[in-house]
Amino acid sequence: MPDRPPRAPRAEPREIAELRQLRDAQPELASGVDMQIALVDMQRRVQSRVPLPWIHADAEWLRAQQAAGRPLVRFSDIPLDWTDFRLTFRQTADILRRFDALEPGEHEKLLALGRDGNALQPLVERWYVATSGVEGVAAVGADKSPRGTEVGPVAKPVPDHQSVRERARGLPDNSPASLDQVLALALRPFLARCAEVIMQRTDLAGWHHGHCPCCGWEPDFAVITPSADRRLICGRCAAQWSFGTHTCPFCSNDDRTLITSFATRDGRYRVYACDVCRRYLKAYDGRGATRPVMVSVDSIATLPLDAAAIQKGYVG
């Protein structure tokens, strides 16, 4: 029988192809690009094995959650295979260590935790419940008030939710400082499946909070749509939701005179920085863009913007 022709090589995911192009165009970003490629490749392989979850919730419960500013994905909704999650957790720590984003001592502690299934599973559940607010813990968004009382010469806005970074995490006091980051990255392939379901089946037009409607996490990027609306992008599950262009998602400041904005020379990327809480958020300007936002690519391409924002006294 004649030999079969060799199979054509599988096409590379567009995100990874774009990252390679970014590395060629900006060699100074090579280390960040290579770490992102490793993370994206690992997360894509894991997510391909994760089934779409069956999220069944009473319509009244969904309305009550949204009205109270609480997210919609409960821990029990996440399609976690614990063997797969432990592997993903360890691989995430390995990648961060390989690119010097973790100290050796922290890396060893994380690997030990990843091998101890009896400790990791309840820790992940406590952490998710504490940082999501889905069960009413750390009551998210119940008292939203865009403007507060006058303190000195500037009116201080009242936050519409407690910053995720300031919440009790549900983690042991002796936890490695990087545990939060590794948990968020390792859980992403599983939570992203939940976000797919929620975004398709739930009307989120009434969600006007700065935290994610799916998992309660903070945005870590945004996109400006062709119609000039701004959509925030969750840093944990990658869900997107509409939010005021000149309102700070971290403290609800909506005074345009207290929002500083600056962009790259080509106008592709922009920073929105709040002069009240001193937090900032980067955005991809999709008006006239040739491709959709790709957070894995755009977050690395905008590292020089991070440096500029920090130099101006803002924090991410």
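The values are calculated or read from the model by the stated rules, or taken from the named source; none is laboratory data. Computed from a prediction, not measured in an experiment: that's the story for all the values here. All Cβ positions, glycine included, derive from the backbone under ideal geometry; neighbour counts span all protein chains shown. Protein only, heavy atoms only, side chains kept; ligands, DNA and RNA dropped before computing areas. Shrake-Rupley method; radii C 1.70, N 1.55, O 1.52, S 1.80 Å.
Summary of computed values
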{"read-out": "Meets criteria (aliphatic (A, V, I, L, M) and at pLDDT below 95) for Ala38", "value": "no"}
{"read-out": "Count - residues of region 291-316 that are charged (D, E, K, R) and within 17 Å of the chain's Cα centre (by Cα)", "value": "2"}
{"read-out": "Filtered residue count, region 68-104, keeping only those that are among the aliphatic types (A, V, I, L, M), part of a helix (DSSP H, G or I) and touching a residue at least 60 places away in the same chain (Cβ under 8 Å)", "value": "3"}
{"read-out": "When residues of region 268-298 are limited to those that are more than 16 Å from Asp229 (Cα to Cα) and not hydrophobic (A, V, I, L, M, F, W, C), the one modelled with the lowest pLDDT", "value": "Thr290"}
{"read-out": "Strands (runs of 3 or more DSSP E) within region 259-316 that include 3 or more residues crowded, with 16+ Cβ neighbours inside 10 Å", "value": "269-274, 280-285"}
{"read-out": "Residue tally, condition touching an Asp or Glu at 6+ places or on another chain (Cβ under 9 Å), at pLDDT 95 or above and over 16 Å from His56 (Cβ atoms), over region 192-223", "value": "6"}
{"read-out": "Failed criterion for Arg167 (all others in (1) open to solvent by 60 Å² or more (accessible area, probe 1.4 Å); (2) closer than 28 Å to Asp81 by Cβ; (3) under 19 Å from the mean Cα position of the chain (by Cα); (4) at pLDDT below 90 hold)", "value": "(1)"}
{"read-out": "Criterion violated by Gln162 - all others in (1) of a type outside the set (A, V, I, L, M); (2) surrounded by 15 or more Cβ atoms within 10 Å (Cβ to Cβ); (3) at pLDDT 90 or above satisfied", "value": "(3)"}
{"read-out": "Residue in region 216-239 that is open to solvent by 40 Å² or more (accessible area, probe 1.4 Å), closer than 30 Å to Trp127 by Cβ, in contact (Cβ under 8 Å) with a residue 40 or more places away in the chain and among the acidic types (Asp, Glu) present", "value": "yes"}
{"read-out": "Residue match in region 28-37 (condition: open to solvent by 70 Å² or more (accessible area, probe 1.4 Å) and free of Cβ contacts under 8 Å to residues at least 60 places away in the same chain)", "value": "yes"}
